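Student: This is the structure I have questions about; it appears just below.
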Amino acid sequence: MHPLVRSVAALLAALALSAARADAGAGPLEVQFRSVPVPQDSVPAIAQDRAGLLWIATTKGLARYDGYRLRPIELPPETGARRGLGWVRAMAPAADGRMWIGTEFLGLVAYDPALDRVQRHAPGAPQAPIRAVAEDGAGAVWVGTVGRGLYRYEPRSGRVESQVLTWRGEAESRVLALLAARDGGVWAGHWRGLARRVGERWEDVPLPGLPAGATVLALAEDGSGRLWLGTQGGQLGVVEQGRVRWVQSLGLPVQALAEGRDGQLWVGSKNGLFWVDMASGAVRTRLRQDPRRTMGLAGNDISGVLRDASGAMWVSGYGLGVQRHLHHPALAVRGPDADGRGPLAEADVRALLTLRNGEVLAPTQTGRVVRLDGRPGRDLVTLGTWPRERHTVVEHLAEAPDASLWMAAAGRLEHRAADGRLLRDWLLDGGRAQQLLLRADGSVWLGMQEGLYRLAGPQAAALERVHLQGDVPLHGGIYVLREAPDGRLWVGGQAGLLREQGAGGGVLAPVPQAPGEALGSPAVMALLWTRDGRLYADTTVAGLHRLKGWDDQGRARFESISERLGVDGLFGGHLHEDARGRLWSQQHVYDPQTDRLDAFGGAEGGHFGSFWLFASAELPGGGLLFGGSRGLLRVQPEAWQPVHKSPPLIVSGLRVNGQPWPQGQGMLTLPPGRRMLSVEFAALDYADPSRLRYEYRLQGLDDEWTRVDAAGRHPSFGPLKPGRYTLQVRATAHHALWDGEPLQLPIELQPAWWETGAAHAGALLALLAGIWAWTGWRTRQLRQHEAELQALVSERTAELRELSLTDTLTGLRNRRYLELRLDDDLALCLRRFETPDGDGPGAGADLLLMLLDLDHFKRINDEHGHAAGDAVLVQLAQRLRQVFRETDSLVRWGGEEILVLARETERRDAAELAARVCAAVRERPFDIGPGETVHVSVSIGFCAFPLDPRQPRLWDWRACLGLADSALYAAKAQGRDGYVGAIDSQGLAPREAPTSLAGWRRETRLQVVMSAQRDAQPA
């Protein structure tokens, strides 16, 4: 057989086999996408630059997308009225950050982020519509046109070199696809085949089985370096060892190719998207637009497929726009049946039950109970409808040990055999059933919208309403019924947390909770005992809690996990534990080992409508299932790994003084007069940008972080002073974790000439000269006046100081004076005793502390009036000044009590000095008014300081003052008009000081001097 005939036969056989496999459907699990709104939903090309921004060619021109808005990319204003780039069909990111853009009518242009502008390139290149652009490892740009062939452009030199492509010796000028491979090779797909560059020339690559050639529309390189190609006729091939091998015939034009993160080849065709196994060539999935699947593919005419820097897949097309694939290996949504007449055509599921045989029963709002295959690897395929003659909506259901089923539906409790036969039913009260629990004793418990009900067993006549301990009615909705490891029933609902007093007893009582460690919200939505015996609870407002233990009064102590980790609201209303001990709901997962709580949902491909609080089940193999308004969310916990990296950040827009400003790269330098700055930033997480949160600060202005949501990502600053600043921004999709280095934008505001240092220095010198001249004149005028005022101020200051330290009545010093002087006096005295010369501290080293108190002074005030008492005090001060020296301090201590601090007085002279004071007071009467006099005496207590010269610091000032006060009272006790004092101590501690006259007399460690005893006088 001729080799050509054999190759054609082999091709036809392979294509026939592959065609049989090309109709693989998407399966029961949904493939979800997020759409980006673009004009007219028509996008001929997409690309991603080195910064992570998405570039989208639309019918309105080229735009750059940061997750929030499309920024038009246009020519500079100086180019005139026509600034748009028109229809763009090809783009290629450059290694230096630029984006190469092939246009229909303007030739090759490039956006330069360093200049934030579009520049035209290769002016000498052939003018024709550009269909393909690629940059090779050397930085050269390859440009494929329709009608003018292929050319090579060197950006550094500006040189343009035309390239000659041939097919079977004939020139080919229609280039539709280009690929610069990682090994340095360059490939070109053209109207009649495939060519590769070998050295400095191009070689035609044969397409086996296609003697007339084929139009190659798409090229892609996989992770192992193999080249994939797709043709206008629908052939999909791979180049191995320099030869093309066809792996699939799709029967549709192959317009885009890209390898997915999971190793499958994404093939965009004229009529849908294919996922192809790259090892076998088999079509695993074919996706087409289904109007019933709102999160599915939005159109079928695929123009581009892109794998972005994060590994996510994007598709673009005509009538489709741009869509991002939403996918997480742990999450999948089981949507409605593809057949609109299927059992699960209506996928609003509000109750779930996994049977012991692996089937899942999913009651819908149509009244059907749909059977799904919940076994691993079966993707919840529909098995049919569970037999039930009634069409009322099943609200909750449970499987008994004998495989019979209990169902609550439309006000009836049904007991059915495994084959669906109705065994018996009972009337239900309390509204909608929210929980159904079968207990080991055969009883059936139902939590309703209003109250808790119990059926004693299948033979019971009716259900009984359950009351609290003491026959108190239990009101409100019941949200959860769980049996604890000890067999006791726990109940959560609007009434809070309740538990059975004894296992099987049926008597409920509220669970007491310790103050400050109670549940953050009274309404309990879910309970779970984990394998390690810990109890977790979910509440409506405060979220997830963990029972820490019980206090000594038997009250529960809860820890609020959600509040501590910064998460508001419900954890999910469901609690399930996976094999690793993590806790799951339909929107959160908490790992007790790492104390980390993560959220998930639509951004990971988990759009299943509104979740229902009482619809969840555990699947064989460890999976979890949750019911929603438009399908079921399946969670595979073993495939879940938390994200540890924050998304990349970029500055997406600048405005200075209200006007757009080019972004550039490096430091942002603003000329003089530009004081108002507005910055727009974006974290390039395209899964769900609205969930991102940001923190920013402008160092040099404010060091505190400002936290905002996505709506606050364009702050304004100003007016700013000239100088240097640094804008720092960080972002996270997590509720609490801020990791990674922040984005930093250095900013310099240049000063105007009058704000420069030289201008300031010149102005300062001129100002100083003027001030100096004015000061000289003014000083001469003020000096004379100043001298006059100074004398007056000095005089007045001295008077005021004296008044502040003097008692106004007696002219003696006051306590404030003593406080100012005392520390210096005590320090000097102690220094003399602690550093004596060879002869001891010397004469006059002592301080004498005397407390004087007028005897029976109250009687004078009572009998003669307070004016008489004041007169006595004034005259007392005069007499004391005659006894003491000017260097001694006389202080009015309080009322009729005087404190005297005698400086440089020998302690052995203290008794003589006290006797002179007593005589000065006693010997002359005091004049208290016209013709009236009164005789007054005084009692004195004194103490030498330091009291114990051998231990100068044993008796501090307060101790000595206390001892003098005690001596004063001893002098009073021995008849008044006398004195008692201590002039030395030998080892007596302050705490052992005498407190009575008898104590003073018998204390042998204290050298005491006292006046002769007088007969005690009445008070």
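Student: With each pseudo-label sitting 7 Å past Cα toward Cβ, what's the Ser937-Leu954 distance in nm, one decimal?
Tutor: The two pseudo-label positions are separated by 3.4 nm.
Student: Over segment 831-925, one equal point on each Cα, no solvent: what is log10 I(q)/I(0) by the Debye formula at q = 0.14, 0.15, 0.21 Å⁻¹?
Tutor: -0.59, -0.66, -1.06
Student: When all alpha-carbon pairs of segment 579-635 are counted, what percent fall beyond 15 Å?
Tutor: Values: 798 of 1596 pairs.
Distances greater than 15 Å cover 50 percent of the Cα pairs.
Student: Here's something else I'd like to know. Based on the mean of other beta carbon atoms within 10 Å per residue, what is the order of 94-107, 638-651, most packed first?
Tutor: 94-107, 638-651
Student: Given a Förster radius of 51 Å and the C-beta distance between Asp552 and Arg412 as r, what FRET efficiency does 1/(1 + (r/R0)^6) yield to the nearest 0.05?
Tutor: Here the calculated transfer efficiency is 0.60.
Student: Suppose R0 equals 30 Å; then what is the FRET efficiency for Arg356 and Asp591 from their Cβ-Cβ distance, rounded to the nearest 0.05?
Tutor: Between Arg356 and Asp591 the formula returns 0.55.
Student: Counting C-alpha atoms alone, how compact is segment 924-1019: give Rg to one decimal and Dmax as a whole number, in angstrom.
Tutor: Rg, Dmax (Cα atoms, Å): 15.9, 55.
Student: Could you work out how far helix 866-883 tilts from the main Cα principal axis of the chain, as a 0 to 90 degree angle to the nearest 10?
Tutor: Tilt of helix 866-883: around 80 degrees.
Student: Within segment 895-972, report the GluC sites (Glu not before Pro) that DSSP leaves as loop and that have at most 13 other Cβ atoms within 10 Å. Show your work: numbers first, answer last.
Tutor: On the way: sites: Glu896, Glu897, Glu904, Glu906, Glu912, Glu923, Glu932; in loops: Glu896, Glu904, Glu906, Glu923.
The qualifying sites are Glu923.
Student: Compute the Rg/Rh shape ratio of segment 815-1010: radius of gyration over Kirkwood radius, all on alpha-carbon atoms.
Tutor: 0.99
Student: A further question on this structure: What list of ³J(HN,Hα) couplings, whole Hz, do you get for segment 477-494 from phi and the Karplus terms 6.51, -1.76, 1.60, once you set θ to phi - 60° and write x for glycine and proline?
Tutor: x, 9, 9, 8, 10, 9, 9, 6, x, 8, x, 7, 8, 10, 10, x, x, 5
Student: Related question: Using only Cα atoms, what Kirkwood radius does segment 732-776 have, in angstroms? Before the final figure, lay out the partial values.
Tutor: Values: mean 1/r = 0.0660 Å⁻¹.
Its Kirkwood hydrodynamic radius stands at 15.1 Å.
Student: With 24 Å as the cut-off, how large is the P(r) tail for segment 25-176, expressed as percent of Cα-Cα pairs?
Tutor: 37 percent
Student: Using Cα-Cα distances under 8 Å and only pairs 6 or more residues apart, what relative contact order does the chain have, in percent?
Tutor: It comes to 6 percent, rounded to a whole number.
Student: Working from Cα positions, state the angle (0 to 90°, nearest 10) between the long axis of helix 3-21 and the longest principal axis of the chain.
Tutor: 50 degrees
Student: Run the reach check for Lys972 against lysines, Cα to Cα strictly under 29 Å, same-chain hits fewer than 8 apart removed. What comes back?
Tutor: Of all the lysines, those that pass the test against Lys972 - Cα under 29 Å, at least 8 places apart if same chain - are Lys858.
Student: Looking only at segment 955-977, which residues have a backbone nitrogen under 16 Å from a spot 7 Å from the Cα of Ala915 in the C-beta direction?
Tutor: The answer is 977, whose backbone nitrogens lie closer than 16 Å to the label point.
Student: Which angle from 0 to 90°, rounded to the nearest 10, does the C-alpha axis of helix 757-804 make with the longest principal axis of the chain?
Tutor: With both axes taken from Cα atoms, the answer is about 30 degrees.
Student: Sticking with this structure for a sec: Hey, if you put +1 on the Cβ of every Lys and Arg and -1 on every Asp and Glu Cβ in the chain, which of Ala218, Gln790, Ala845 ends up farthest toward the positive end of that dipole?
Tutor: Most positive-ward Cα: Ala218.
Student: For Phe105 and Asp183, compute 0.36 nm times the residue count separating them, minus their Cα-Cα distance, and round to one decimal in nm.
Tutor: 24.8 nm
Student: Please list, in chain and number order, the residues 5+ apart from Asn271 or on another chain whose amide H is under 5 Å from its amide H, with Hs placed from the backbone.
Tutor: Close amide H contacts, sequence-distant or interchain: Ile302.
Student: Could you calculate the contour length gain from Gln882 to Lys60, that is, 0.36 nm times the residue separation minus the distance between their Cα atoms, to one decimal place in nm?
Tutor: 284.9 nm
Student: Could you give the radius of gyration (one decimal) and Dmax (whole number) of the Cα atoms in segment 649-755, in Å?
Tutor: Just the Cα atoms of segment 649-755 yield Rg and Dmax of 14.3, 50 Å.
Student: While we're on this one: Could you calculate the contour length gain from Thr808 to Asn271, that is, 0.36 nm times the residue separation minus the distance between their Cα atoms, to one decimal place in nm?
Tutor: Extending this stretch completely gives an extra 182.5 nm.
Student: Can you work out the FRET efficiency for the pair Ser690 and Leu764, with r the C-beta to C-beta distance and R0 = 56 Å, to the nearest 0.05?
Tutor: On the way: r = 54 Å, r/R0 = 0.96.
My answer for the efficiency is 0.55.
Student: For the chain, with equal point scatterers placed on the C-alpha atoms only and solvent neglected, what are the log10 I(q)/I(0) values from the Debye formula at q = 0.05, 0.07 1/Å, to two decimals?
Tutor: -0.63, -0.81
Any read-out appearing in this document is the output of simple, stated calculations on the displayed coordinates, not a laboratory observation. Worth saying up front: this structure is predicted, and the values here are computed from it rather than measured. In this analysis, Cβ positions are derived from the backbone assuming ideal geometry, glycine residues included, and neighbour counts consider all displayed protein chains.
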